[in-house]
Amino acid sequence: MTASSDRTDPHPARAHGAGDARPAQPRTDTSGLDEALKALALALDKKAVEPLLLDVRELCSYCNYQLVLSGRSERQVEAIADGISAGMKAQGIRPLSTEGTRGGAWQLLDFGDFVVHVFHHPARDHYDLEGLWIDAPRVAIDVPADARLGIEERYS
């Protein structure tokens with residue numbers, strides 16, 4: 001995604017932690033974790049790269065987990081988001097809402113207890129959700145070697 005003003009910004013009030021108040025009573029349940037891992041598997045089936053699962057239970061009040069991943073192109077971003085939506089729907093789980101543009105560089109799928117951000121990798125670097133959620137613990141996930149970007153791909 002470019003920084004132009006005609007594109008959807010992946011930092012709506014729900015998407016970032018900078019202005020969010022910490023919950024008065026952080027949630028300790030793991031609601032959404034199993035489903036986030038299912039979404040991760042679906043994304044990896046569509047060749048998503050650089051997945052990261054953030055545990056935001058102590059930092060925000062609207063979800064427990066945020067799954068951040070990348071596609072190698074804007075077209076792949078759409079395919080990954082569509083694959084997650086279709087796969088979760090087949091399991092009886094539908095997003096509460098979606099944001100982003102078809103053919104764009106970012107899509108958000110809000111499943112309630114977890115949120116999925118799918119970025120074209122250069123846009124992900126630009127918006128730096130990992131930096132915004134720096135205090136969020138990273139959930140250990142198994143990432144196959146083919147889901148890692150090479151150094152030459154990271155900065156192109």
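Read-outs throughout are calculated quantities, based only on the coordinates presented, and are distinct from any laboratory measurement. Being a predicted model, the structure only gives us computed values, none of them experimental. Positions of Cβ are backbone-derived with ideal geometry, glycine not excepted, and every protein chain shown enters the neighbour counts.
Using only side-chain charges placed at the Cβ, +1 for Lys and Arg and -1 for Asp and Glu, the dipole size of segment 33-154 relative to its Cα centre rounds to 360 debye.
The ranking of Asp146, Asp125 from fewest to most other beta carbons within 10 Å of each one's beta carbon is Asp146, Asp125.
In this simple spin-label model, placing a label point 7 Å from the Cα along the Cα-to-Cβ direction at both Asp82 and Thr30 gives a separation of 3.4 nm. Counted by neighbouring Cβ atoms within 10 Å, the residues Ser85, Ser70 run from fewest to most as Ser85, Ser70.
Placing a pseudo-label 7 Å from each Cα along the Cα-to-Cβ vector at Leu132 and Gln91 gives an inter-label distance of 2.5 nm. Listing Tyr127, Tyr62 from fewest to most neighbouring C-beta atoms within 10 Å gives Tyr62, Tyr127. Ignoring lysines fewer than eight residues from Lys89 along the same chain, the ones with Cα atoms less than 18 angstrom from its Cα are Lys38, Lys46.
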